[in-house]
1. Can you say whether B:Glu262 is farther than 29 Å from B:Thr324 by Cβ and over 19 Å from the mean Cα position of the chain (by Cα), as far as the supplied structure shows?
2. So which residues in region B:16-42 are of a type in the set (Val, Ile, Thr), crowded, with 18+ Cβ neighbours inside 10 Å and out of contact with any Ser or Thr (no Cβ under 6 Å at 6 or more places or on another chain)?
3. For B:Val142, are the conditions met, namely being away from chain A (no Cβ under 14 Å), β-branched (Val, Ile, Thr), surrounded by 24 or more Cβ atoms within 10 Å (Cβ to Cβ) and more than 11 Å from the chain's Cα centre (by Cα)?
4. Looking at region B:258-283 only, could you name the residues that are free of Cβ contacts under 8 Å to residues at least 40 places away in the same chain and either outside the structural domain of B:Asp193 (by TED's automatic domain parsing) or loosely packed, with under 15 Cβ neighbours inside 10 Å (or both)?
5. List the helices (runs of 4 or more DSSP H) that sit entirely inside region A:336-402 and contain at least 1 residues that are at pLDDT below 95, buried (at least 21 other Cβ atoms within 10 Å of the Cβ) and under 22 Å from the mean Cα position of the chain (by Cα).
6. Within the bounds of region B:276-296, is there any residue that is away from chain A (no Cβ under 11 Å), within 27 Å of B:Asp161 (Cβ to Cβ) and hydroxyl-bearing (Ser, Thr, Tyr)?
7. For region A:155-213, give me the residue count where each residue is of a type in the set (S, T, N, Q) and over 30 Å from A:Val339 (Cβ atoms).
Protein chains: 2
Amino acid sequence: MEVEHDTVSLGEFEFECGETIPDLEIEYEAYGEFTGDNAVLVCHALTGSAHVAGTHRSDTGGQARAWWDDIVGAGKAVDTTEYYVVCANVPGSCYGSTGPASENPETGEPYGTDFPPVTVGDWTEAQRALLDELGVPHLHAVVGGSVGGMNVLEWATRHPDHVERIVPIAAAARLDTQCLAIDAVARRAITTDEDWNGGDYYGEDRPNPKDGLALARQLGHVMYLSKASMERKFGRRAAGRDAVRSFPADPAANFFPYRDVESYLDYQAEKFVERFDANSYLYLTRAMDNYDLSSGFESDADALAAFEGEALVMSFTGDWHFTTQQAESLADSLRSADVEAAHHVVDSDHGHDAFLVEPDHVGPPVADFLEAGVAGNAVTDTAGDEEEGESDFAPVHTSLFS
Amino acid sequence: MEVEHDTVSLGEFEFECGETIPDLEIEYEAYGEFTGDNAVLVCHALTGSAHVAGTHRSDTGGQARAWWDDIVGAGKAVDTTEYYVVCANVPGSCYGSTGPASENPETGEPYGTDFPPVTVGDWTEAQRALLDELGVPHLHAVVGGSVGGMNVLEWATRHPDHVERIVPIAAAARLDTQCLAIDAVARRAITTDEDWNGGDYYGEDRPNPKDGLALARQLGHVMYLSKASMERKFGRRAAGRDAVRSFPADPAANFFPYRDVESYLDYQAEKFVERFDANSYLYLTRAMDNYDLSSGFESDADALAAFEGEALVMSFTGDWHFTTQQAESLADSLRSADVEAAHHVVDSDHGHDAFLVEPDHVGPPVADFLEAGVAGNAVTDTAGDEEEGESDFAPVHTSLFS
């Protein structure tokens with residue numbers, strides 16, 4: 001697989017908030033060969049990076065492996081022998097693109113919380129500018145999961161003429177109130193960590209706000225799993241005898257089992273705080289929370305009205321972070337905007353993580369949609385179900401308890 | 001309404017863990033007149049107190065009002081002109097009964113985390129001992145919501161001959177994995193707060209671990225509401241202009257709205273940290289997490305086998321903290337144990353809070369069950385529905401998304 005892995009300087013960049021930074025750097029990976037009409041942009045999720053596929057890197061920023069290697073690659077659903085696939089780390093992140101942990105050239109110090117607030121719109125404009133640098137005026141498709149799916153929608157809104165096909169996966173036009181609340185608590189866990197220090201914790205002499213970031217991550221993991229998948233994976237089992245509590249506990253805790261689910265959360269958090277920047281977590285969750293497809297428009301459909309391509313909306317029945325109902329509402333808006341759209345529902349109790357861990361069910365519809373649009377073989381649509389009075393996305397499947 | 005409000009000393013108390021304290025004090029309230037066969041014990045939820053009804057107290061421990069005043073009182077569902085109603089603050093809490101914040105008579109200092117780990121079994125034995133003091137050998141009924149419903153079940157297991165009727169409301173035989181996980185994160189928020197100081201934060205010279213306790217409480221509120229109720233109450237609206245952020249935030253936060261849902265969580269947390277003890281929160285959530293009806297038995301049904309009274313299980317369709325499925329499973333176990341049992345499902349999108357905020361739907365079945373058992377007029381049962389091939393508790397209602 002032919003791979004480019006590089007960082008480009010985009011020069012001065014003005015954010016949606018009106019603030020500018022003197023130089024926005026974007027780290028990206030690109031796979032395959034650009035033939036003029038085969039470019040596919042992949043948008044990563046909250047804590048993802050440009051390293052979407054392949055095993056060519058050793059400096060993976062702490063990620064164990066490429067985040068969508070099951071989907072992107074030679075002969076895979078997003079086939080890098082056919083498509084020129086680009087994935088870029090978003091501004092505000094900490095995986096090579098400019099963010100709070102990056103050095104402010106004007107001060108020689110990390111930006112910290114002087115970094116401008118970022119939005120999904122800013123991500124989109126940075127990707128547009130990167131593609132200009134790469135000589136890619138037009139995209140065959142934009143594909144992305146979770147907040148990466150919001151990024152996909154923003155492409156259809158901001159650059160409708162530059163995209164043929166969009167694939168928002170496990171995404172929505174906006175986050176619901178419950179998830180806004182959990183994200184707000186997660187940010188408070190970071191900003192109340194004394195080591196956060198108002199965002200100024202960089203440098204050898206200061207500890208990172210690991211506890212706060214760990215808690216935020218643990219709340220993330222709860223959102224990424226479903227009731228059913230947590231029950232199946234962990235139940236109420238005690239952790240193995242080798243498991244060691246990595247968080248402080250009161251002595252009375254020793255009377256009770258250290259449970260498998262706690263051990264899982266603690267382990268995930270411990271890995272995460274080594275690889276992720278706490279300020280980036282604040283910035284990126286805020287971008288996600290603030291995203292609203294209809295913002296500046298009359299409605300979601302109005303926001304999508306200028307897009308004349310095709311859309312594949314994908315959702316997962318066990319996902320309560322981004323529900324199938326939200327996906328169906330998005331599909332309805334696309335249909336109202338006269339977009340050729342299909343809503344493909346995958347029956348899975350893996351929760352939100354399904355878009356990452358169910359490649360056998362995600363791959364075929366994505367592959368067929370990239371090739372043939374909504375007429376693609378493996379693509380199903382809820383619209384047909386509804387006409388028959390039945391629906392794959394009925395709440396019976398989308399329950400937390402399925 | 002005749003009210004007793006007192007604290008009794010039960011002397012040396014041995015906890016389930018084997019540890020003892022020299023004197024367990026229990027604060028209780030009692031309403032009405034004991035006639036020999038009309039005693040009803042009400043069990044409070046996690047952060048509740050003995051102050052279940054009435055307006056007779058000014059020292060309410062920071063509670064704005066009695067926690068179940070809509071249900072308990074003269075002429076109300078649990079009618080204090082008919083029943084002698086007792087509610088006791090559980091050991092480990094901070095509303096008058098002995099807990100971590102109480103003085104250890106052996107040291108003259110607060111127990112802190114030297115307080116023995118408490119279990120729902122300990123609560124039950126303390127209530128049993130209190131009732132002995134009050135001269136109440138036998139209960140007409142035990143009623144309770146949330147973890148108070150677990151407390152109810154423990155009565156049927158430990159003292160099956162002392163209770164005629166049990167009413168576990170919005171409860172379950174055990175907490176599910178997802179809620180175990182959220183509680184674990186909540187405890188970590190407390191124990192990673194530097195002011196927690198290993199549990200030793202009492203005294204004038206030390207600050208309370210307010211931030212950690214606030215985060216824990218905010219997670220609680222997310223669990224107590226449903227997706228639908230949060231959407232309806234707050235949506236994505238910005239908080240009013242007078243709203244003031246009470247948590248630290250990064251400067252970039254100012255570009256984004258301070259949302260109504262955040263303002264709600266911050267306000268609730270601010271009130272809570274004034275009234276509740278952080279160590280108590282650790283102890284009581286652990287008691288809840290650890291509760292398992294089947295513990296020490298072959299099965300849930302086996303645990304209930306000695307109980308020969310009647311049971312009214314109540315659940316709420318929008319409750320994801322304790323789901324209708326869990327309640328139905330509990331009702332099944334009761335039926336298997338040959339207990340006369342009804343599972344009354346209330347259609348409500350108020351989430352777990354429904355047992356507190358839906359008195360019009362909770363009151364009638366409780367009143368009729370206390371009077372006439374499962375044959376009571378307003379009592380419905382899912383068993384009948386099932387025979388007709390339909391069910392009130394079908395997942396379509398119990399979805400988070402209803």
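1. The answer is yes for B:Glu262.
2. B:Ile21, B:Val40, B:Val42
3. yes
4. B:Tyr267 - this is the single residue of region B:258-283 that is free of Cβ contacts under 8 Å to residues at least 40 places away in the same chain and either outside the structural domain of B:Asp193 (by TED's automatic domain parsing) or loosely packed, with under 15 Cβ neighbours inside 10 Å (or both).
5. Per the criteria, A:395-398.
6. Taking every residue of region B:276-296 in turn, none turns out to be away from chain A (no Cβ under 11 Å), within 27 Å of B:Asp161 (Cβ to Cβ) and hydroxyl-bearing (Ser, Thr, Tyr).
7. 4
One line per residue, one yes/no per condition, for (1) in the same structural domain as A:Ala186 (by TED's automatic domain parsing); (2) closer than 23 Å to A:Ala156 by Cβ; (3) of a type outside the set (A, V, I, L, M, F, W, C):
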| residue | (1), (2), (3) |
| --- | --- |
| A:Ile21 | no, no, no |
| A:Tyr28 | no, yes, yes |
| A:Val42 | no, yes, no |
| A:Ser49 | no, no, yes |
| A:Val52 | no, yes, no |
| A:Trp68 | no, yes, no |
| A:Gly92 | no, yes, yes |
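The values are calculated or read from the model by the stated rules, or taken from the named source; none is laboratory data. Because the structure is a prediction, the values reported are computed rather than measured. Here Cβ is always computed from backbone atoms with ideal geometry, including for glycine, and neighbour counts include all displayed protein chains.
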